[in-house]
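Engineer: Sharing a structure with you now.
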Amino acid sequence: MFHTTQAQIEESIMIQPNSNQGTINPHCSICSQPISGKSHPYNDIGLTDYGIFNHLRVYHCNYCGFGFSAPELSEKTVNLFYEKQYRAKNSTFYFNFNESIPEGLGDIRSDRSFAQIMLARAYCEFDAEDIFLDIGPGRGGSFKLAKALLQRPQLYGIEFSQGAKEFYLRNFGVVSHQSIDEFIKSGKQAKILLMSHSLEHYRLSELTNLFSALTPALAKNGVLVIEVPHVDLRIHSEVRGVDTPHFLFFSKQSLSLMLEKCGFDVLFIDTCGDEFKTVGEQAFSANSLSSKMKNYLKPFYNKLHPRHQNLFRTFVRMIQKTISFRFVSQNEMKVLPVHSYGGNRDCLRLVAKKK
Ligand SMILES: [Zn+2]
């Protein structure tokens with residue numbers, strides 16, 4: 001039951017108020033310069049109110065643009081969220097892992113995994129039977145594209161949820177591990193290691209351990225491909241999208257510096273995806289309108305029975321699509337943002353190898 005889980009999560013916050021609560025590291029974890037004292041409200045405007053994000057604030061470094069939320073939630077709280085709430089039926093991020101994927105490749109031109117794998121291939125040789133590892137594969141789209149673009153890849157995933165693991169195995173023949181350490185212990189190394197929109201979900205205190213695990217998981221001539229939202233709070237505090245459930249926020253400078261500090265050579269880094277709008281444009285954009293709509297509807301949504309929440313969400317998505325359609329000009333419909341680089345765009349894509 002959702003309410004039990006919510007109560008469990010709230011309880012775990014009360015049982016273990018994090019030791020960092022109320023205090024933040026005064027220096028940037030990446031460039032060591034002083035952190036700006038000014039904080040930003042955490043932008044939690046999904047329809048589902050998860051509770052655990054309500055008390056967060058976002059801080060940033062004025063020197064490199066790195067940002068993070070505080071206070072840091074406990075590992076137990078975050079794990080419970082991903083295990084029970086993140087993909088649940090009443091969640092904004094619901095996905096049914098019991099469903100089978102449609103036959104065939106479909107139109108892959110606007111699939112970001114297509115652009116990521118082609119970029120990785122430009123910086124490494126991928127031979128038959130080499131390993132493709134995805135940390136945080138989400139709906140598993142990268143596995144479909146890896147099978148289509150690479151020569152007989154061995155597919156591996158790092159995934160927490162049992163339902164998702166079974167989904168990857170059934171649809172793409174993927175071997176999933178619970179953690180990167182478990183993958184390393186199996187004696188394997190990845191030729192392409194993908195972290196697409198998963199790094200920003202890590203807690204600040206987990207960064208050091210994560211990068212020390214990435215080094216042994218990557219083959220000597222393999223490449224690490226990272227994509228994260230481009231949220232440089234020095235310039236994006238008013239125009240960024242929803243924060244939930246992200247804990248880390250990267251500028252181009254901070255992402256590159258972090259990789260260099262963690263023992264990687266950055267081979268490529270650039271912005272990609274949709275172009276950011278200015279504050280003025282944002283106020284009239286489809287995104288902003290649907291955010292305002294969600295804010296307005298959220299109290300009503302939270303009072304609904306979980307069964308009706310699902311129906312209601314589908315209805316809201318239909319309205320959002322209609323609004324978005326009206327705002328997309330003919331000219332914009334011709335571009336493929338996942339393949340476009342440079343300027344002020346809403347994602348960062350990086351390719352690195354071990355030093
Ligand atoms: Zn910094």
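Engineer: Please go through segment 162-217 and give me each residue that is free of Cβ contacts under 8 Å to residues at least 60 places away in the same chain, closer than 25 Å to PHE249 by Cα and among the hydroxyl-bearing types (Ser, Thr, Tyr), ordered by number.
Structural biologist: Residues satisfying the conditions are SER179, TYR202, THR208, SER212.
Engineer: Another question, then. Quick check on segment 83-105. Is at least one of its residues away from the ligand (no atom under 16 Å from the Cβ), at negative phi, of a type in the set (A, V, I, L, M, F, W, C) and under 16 Å from the mean Cα position of the chain (by Cα)?
Structural biologist: Taking segment 83-105 and keeping what is away from the ligand (no atom under 16 Å from the Cβ), we get 83-105.
Cutting the leftovers down to at negative phi gives us 83-103, 105.
Filter once more, so that each one left must be of a type in the set (A, V, I, L, M, F, W, C): 88, 93, 95, 97, 101, 105.
After this cut, where a residue has to be under 16 Å from the mean Cα position of the chain (by Cα) as well, the list is 93, 95.
Yes, some residue in segment 83-105 is away from the ligand (no atom under 16 Å from the Cβ), at negative phi, of a type in the set (A, V, I, L, M, F, W, C) and under 16 Å from the mean Cα position of the chain (by Cα).
Engineer: Run down ILE35, ILE52, ILE30, ILE9 and say which single residue is of a type in the set (A, V, I, L, M), buried (at least 19 other Cβ atoms within 10 Å of the Cβ) and at pLDDT 95 or above. It would help to see each step written out before you state the result.
Structural biologist: Working: ILE35 fails: at pLDDT 95 or above; ILE52 fails: at pLDDT 95 or above; ILE9 fails: at pLDDT 95 or above.
Every option except ILE30 fails the conditions.
Engineer: Answer with yes or no whether VAL231 is modelled with pLDDT of 95 or more, out of contact with any His (no Cβ under 7 Å at 6 or more places or on another chain) and either of a type outside the set (A, V, I, L, M) or surrounded by 19 or more Cβ atoms within 10 Å (Cβ to Cβ) (or both).
Structural biologist: On the way: modelled with pLDDT of 95 or more: yes; out of contact with any His (no Cβ under 7 Å at 6 or more places or on another chain): yes; either of a type outside the set (A, V, I, L, M) or surrounded by 19 or more Cβ atoms within 10 Å (Cβ to Cβ) (or both): yes.
So VAL231 fits the description; yes.
Engineer: Would you be able to say whether some residue in segment 201-217 is touching a Leu at 6+ places or on another chain (Cβ under 7 Å), under 25 Å from ILE101 (Cβ atoms) and surrounded by 15 or more Cβ atoms within 10 Å (Cβ to Cβ)?
Structural biologist: Within segment 201-217 (the criterion being touching a Leu at 6+ places or on another chain (Cβ under 7 Å), under 25 Å from ILE101 (Cβ atoms) and surrounded by 15 or more Cβ atoms within 10 Å (Cβ to Cβ)), the answer is no, since none of the residues qualifies.
Engineer: Separate question: If we scan segment 63-71, do we find a residue that is surrounded by fewer than 21 Cβ atoms within 10 Å (Cβ to Cβ), assigned to a loop (DSSP other than H, G, I, E, B) and more than 16 Å from the ligand (Cβ to nearest atom)?
Structural biologist: Of the residues in segment 63-71, the ones surrounded by fewer than 21 Cβ atoms within 10 Å (Cβ to Cβ) are 63, 71.
Adding the requirement that they be assigned to a loop (DSSP other than H, G, I, E, B) leaves 63, 71.
When the remaining residues are screened for being more than 16 Å from the ligand (Cβ to nearest atom), the result is 71.
Looking for residues that are surrounded by fewer than 21 Cβ atoms within 10 Å (Cβ to Cβ), assigned to a loop (DSSP other than H, G, I, E, B) and more than 16 Å from the ligand (Cβ to nearest atom), one finds at least one in segment 63-71, hence yes.
The values are calculated or read from the model by the stated rules, or taken from the named source; none is laboratory data. Since the model is a prediction, treat every value here as computed from it, not as a measurement. Here the Cβ is made from the backbone with ideal geometry for all residues, glycine too, and neighbour counts use every protein chain on show.
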